[in-house]
Amino acid sequence: MAENADLLSLLAEMKKSMEKGQEEMRKGQEEMKDKMEKGQEEMRKGQDERHDKERTTAPLSTTKELLLRRVNQWWISLLVLKISLNHYVSR
């Protein structure tokens, strides 16, 4: 009978130890999940900030491109006019 009591006591200790280990694992998983969520949120914020910077600079680069096109068109028009004048004067 004493052996049964010892075995039951040992079994109860093992059960408590397993439950404690499982609880620690749950806590560790929750902490890891929280860290992952925080990391993902930081990544999202970084991406949003990068996209915001791109949005604010995009119109500037588009404006610059348009301005360069206009200047190139102006130079081409000026060259055509000069060639036409040279041709007219040389007659």
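Data for the structure
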{"item": "Net charge over other residues, Cβ less than 14 angstrom from the Cβ of Met18 (K, R count +1; D, E count -1)", "result": "0"}
{"item": "Overall Cα dimensions of the chain - principal axes, largest extent first, Å", "result": "131, 18, 6"}
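We did not get these values from a lab; they are worked out from the coordinates using the rules stated. Bear in mind the structure is a predicted one, so any value in this text is a computation, not a measurement. Ideal geometry is used to build each Cβ from the backbone, glycine not excepted, and the neighbour counts take in all protein chains shown.
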